[in-house]
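Working notes for the structure below.
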Amino acid sequence: MSMAVAGLLAGMALGFAGYFGGFAAFLLVAALGAVGFVVGRILDGDLEPGDFFRGRQRGDRRG
């Protein structure tokens, strides 16, 4: 599935949640979608769980 189709499906899901369930449902669907995205990246091997908890090393300046 291409990223465009995945984005289209995610946008439609958020739109339906916002229309039928209100703003709270919109936020819930968006939050669960973000969690699912992160879990999918971890399962694909693109992201390590320790990346969220590890502090920056000395000399590692980002930004």
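The values are calculated or read from the model by the stated rules, or taken from the named source; none is laboratory data. Values in this document were obtained by computation on a predicted structure and should not be read as measured data. In case anyone asks, the SASA skips ligands and DNA or RNA and just uses the protein heavy atoms, side chains included. Shrake-Rupley method; radii C 1.70, N 1.55, O 1.52, S 1.80 Å.
Just for the stretch 38-54: of the residues that are of a type in the set (Asp, Glu) and assigned to a helix (DSSP H, G or I), which one is nearest to residue 3 (Cα to Cα)? Within the stretch 38-54, the match that is nearest to residue 3 (Cα to Cα) is 44.
If you go through the stretch 22-44 and pick out every residue that is open to solvent by 50 Å² or more (accessible area, probe 1.4 Å) and of a type outside the set (A, V, I, L, M, F, W, C), you end up with 2.
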